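*Asks:* Take a look at the following structure, please.
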Amino acid sequence: MVYKMINSKYKVFIESIAITVVILMIGLSLGLYIESYRTKKIVDSYKDYEVEALDLKLQNYYYQIMDESSCKFAIEQNFQFADDLYTRGLELEKSEESNQLTDNILREKKKYVLLKTELWLNSILLKKKCKDPFDTVVYLYSSDPSNNIKVAQQKVLSNILKTVKEDKGNAIILIPIAGDLRIGDDKSQMLGAVNMQMRVYNVTYLPSIVINEKIVLEGYHDIKEIESYLKK
């Protein structure tokens with residue numbers, strides 16, 4: 001009788017452990033699947049920009065040969081692309097915050113940054129062709145998460161610029177660009193197009209704001225000061 005009770009308790013104990021292990025394995029597998037799905041979704045979202053990068057390049061060729069009569073349509077197209085790029089970028093940033101930055105995601109993010117830099121160059125060309133019809137506000141920030149003070153500062157500044165964009169609407173193009181991404185594993189070599197633009201406008205500190213390719217504001221600045229440099 002005693003033996004049967006002990007054996008019964010032992011059996012229940014083993015079954016409990018087995019059930020616990022199965023539940024943990026299911027939970028772990030589910031967690032890995034969800035994480036993998038999120039990572040793939042982010043990478044796929046970035047890959048969508050490869051076609052748009054080609055589209056932007058072709059738009060650049062068009063801006064070079066077009067005359068002033070095409071300005072209205074070209075400006076509308078440029079704003080539509082810029083706004084879509086900015087909105088989708090915000091969504092991707094939220095997804096990134098909940099995932100570790102893998103090599104695949106980082107590689108696609110570099111393409112995305114180069115795409116936004118090309119948008120900046122297109123906007124500069126369009127402004128020259130069409131008698132400076134809008135403001136460009138380029139937000140160059142650091143993608144290094146290790147500096148907590150700078151990360152906090154950049155979050156505040158990002159929200160301020162978002163408010164400026166909401167206030168001004170299609171009067172400005174807002175382009176956030178990570179200014180410290182590197183090529184491959186070479187820590188000394190920055191993305192060429194981004195590096196050249198930063199050199200042209202003498203940007204040596206991140207975060208910085210470049211307004212209309214004339215004004216460079218380093219670090220934190222409030223809405224009133226930023227808007228004071230925009231067209232009235």
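The values are calculated or read from the model by the stated rules, or taken from the named source; none is laboratory data. Nothing here was measured: the structure is a model prediction, and the numbers come from that model. Please note: Cβ atoms are built from the backbone with ideal geometry, for glycine as well, and neighbour counts cover all protein chains shown.
*Asks:* Quick check: anything in segment 125-138 within 20 Å of residue 90 (Cα to Cα), in contact with a helix residue (DSSP H, G or I) (Cβ under 8 Å, 6 or more places away or on another chain) and not in a strand (DSSP E or B)? Walk me through how you get there before you give the answer.
*Replies:* Narrowing segment 125-138 to residues within 20 Å of residue 90 (Cα to Cα): 136-138.
Then keep just the ones that are in contact with a helix residue (DSSP H, G or I) (Cβ under 8 Å, 6 or more places away or on another chain); that gives 136-138.
Checking which are not in a strand (DSSP E or B) leaves us with none.
Looking through segment 125-138, none of the residues is within 20 Å of residue 90 (Cα to Cα), in contact with a helix residue (DSSP H, G or I) (Cβ under 8 Å, 6 or more places away or on another chain) and not in a strand (DSSP E or B).
*Asks:* When segment 57-82 is examined, which residues are found to be under 21 Å from residue 175 (Cα atoms) and in contact (Cβ under 8 Å) with a residue 24 or more places away in the chain?
*Replies:* 57, 59, 60, 63, 71, 74, 75, 78, 79, 81, 82
*Asks:* Anything in segment 201-220 that is of a type outside the set (A, V, I, L, M, F, W, C), under 17 Å from residue 150 (Cβ atoms) and surrounded by 17 or more Cβ atoms within 10 Å (Cβ to Cβ)? List them, or say none. Spell out how you get there, then give the answer.
*Replies:* From segment 201-220, those of a type outside the set (A, V, I, L, M, F, W, C) are 201-202, 204-205, 207-208, 212-214, 218-220; that's our starting set.
Okay, now just the ones that are also under 17 Å from residue 150 (Cβ atoms), so 204-205, 207-208, 218-220.
Residues satisfying the conditions are 207, 208.
*Asks:* Hey, residue 73 hits all of (1) farther than 16 Å from residue 114 by Cα; (2) modelled with pLDDT under 80; (3) among the hydrophobic types (A, V, I, L, M, F, W, C); (4) loosely packed, with under 11 Cβ neighbours inside 10 Å but one; which does it fall short on?
*Replies:* Every condition holds for residue 73 apart from (2).
*Asks:* Same structure, new question: Which residues, counting only those in segment 107-126, are over 24 Å from residue 183 (Cβ atoms) and either buried (at least 20 other Cβ atoms within 10 Å of the Cβ) or of a type in the set (S, T, N, Q) (or both)? It would help to see each step written out before you state the result.
*Replies:* Here is the first cut: in segment 107-126, the ones over 24 Å from residue 183 (Cβ atoms) are 123, 125-126.
Within segment 107-126, 123, 126 meet the criteria.
*Asks:* Right, another one. What are the residues in segment 178-194 that are in a helix (DSSP H, G or I) and either at pLDDT 95 or above or crowded, with 18+ Cβ neighbours inside 10 Å (or both), if any?
*Replies:* If the condition is that a residue be in a helix (DSSP H, G or I) and either at pLDDT 95 or above or crowded, with 18+ Cβ neighbours inside 10 Å (or both), then 194 is the only one that fits.
*Asks:* Of the residues 202, 147, which single one is at pLDDT below 90 and either over 22 Å from residue 84 (Cα atoms) or touching a Lys or Arg at 6+ places or on another chain (Cβ under 6 Å) (or both)?
*Replies:* Exactly one of 202, 147 is at pLDDT below 90 and either over 22 Å from residue 84 (Cα atoms) or touching a Lys or Arg at 6+ places or on another chain (Cβ under 6 Å) (or both), namely 147.
*Asks:* Then there is this: Go through (1) within 20 Å of residue 122 (Cα to Cα); (2) modelled with pLDDT of 90 or more; (3) more than 18 Å from the chain's Cα centre (by Cα) and name the single condition residue 167 misses.
*Replies:* Only one criterion in (1) within 20 Å of residue 122 (Cα to Cα); (2) modelled with pLDDT of 90 or more; (3) more than 18 Å from the chain's Cα centre (by Cα) is unmet by residue 167, namely (1).
*Asks:* Between a residue in segment 144-162 that is within 16 Å of residue 205 (Cα to Cα) and any residue that is of a type in the set (Val, Ile, Thr) and outside any helix (DSSP H, G or I), which pairs come within a Cβ distance under 9 Å, given they are 6 or more apart or on different chains?
*Replies:* Sorted first by the residue in segment 144-162, then by its partner, the pairs are 157/209.
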